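Colleague: Just dropping this structure here.
The values are calculated or read from the model by the stated rules, or taken from the named source; none is laboratory data. Quick caveat: nothing in here was measured; it's all calculated off a predicted structure. Note that each Cβ is placed from the backbone with ideal geometry, even for glycine, and that neighbours are counted across all protein chains shown. To get the accessible areas, we keep the full protein, side chains included, count just its heavy atoms, and leave off ligands, DNA and RNA. Shrake-Rupley method; radii C 1.70, N 1.55, O 1.52, S 1.80 Å.
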Amino acid sequence: MMHNMNAVDGCRSYLTLFGAVSAGVVGATGMRGLLFFVGTYALGSVALLARMRFDASAYTGEGLAKFLILGAPGYALSFVLFWTLAYALVHIY
């Protein structure tokens, strides 16, 4: 189960990174950037759940609500970091 959670964490980390860079490159600011995060996190979670046949507890040992919310604040911080970096590199410099 720990291996599965590490795989989920890796998938969410990469999705957060790519979503943040995409938001920065297209110039999303304010609420649009927040919607990018919510959208990428939600789509990534649904894709992972679909891969698990919508039974997260069998693969991770956690309930559905905990699976969806677990780690979201940490991913949000990473999202903001790479979002502002990409935005600054493309639109400011």
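Colleague: Using only DSSP helix segments of four residues or longer, with each worth -39500 (n - 2.57), what per-residue ellipticity at 222 nm results for the chain after dividing by its residue count and rounding to 500?
Modeller: -25500 deg cm²/dmol
Colleague: Before anything else, pin down the relative contact order of the chain: Cα pairs under 8 Å, at least 6 apart, normalised by residue count, whole percent.
Modeller: For the chain, the relative contact order is 48 percent.
Colleague: A further question follows. Taking 7 Å along the Cα-to-C-beta vector as the label spot, tell me the Leu34-Ser13 distance in nanometres, rounded to one decimal.
Modeller: 2.7
Colleague: On to the next question. By Kyte-Doolittle mean hydropathy of at least 0.5 and Cα axial length of at least 24 Å, which whole DSSP H helices of the chain are selected?
Modeller: Answer set is 2-26, 31-51.
Colleague: If you don't mind, there's one more thing I want to ask. How would you rank 61-73, 37-49, 11-23, highest first, on the average number of other Cβ atoms within 10 Å across their residues?
Modeller: 11-23, 37-49, 61-73
Colleague: Using only the Cα atoms, work out Rg/Rh for the chain, with Rh taken as the Kirkwood radius, to two decimals.
Modeller: Result for the chain is an Rg/Rh of 1.04.
Colleague: I would also like to ask the following. When the dipole is taken about the Cα centre of the chain, and only Lys, Arg (+1) and Asp, Glu (-1) are charged at their Cβ, what size is it in debye, to the nearest 20?
Modeller: So the magnitude is around 120 debye.
Colleague: Given the protein chains as shown and a 1.4 Å probe, how many square angstrom of Thr29 are accessible, to the nearest 10?
Modeller: In the full protein context, Thr29 sits at about 80 Å².
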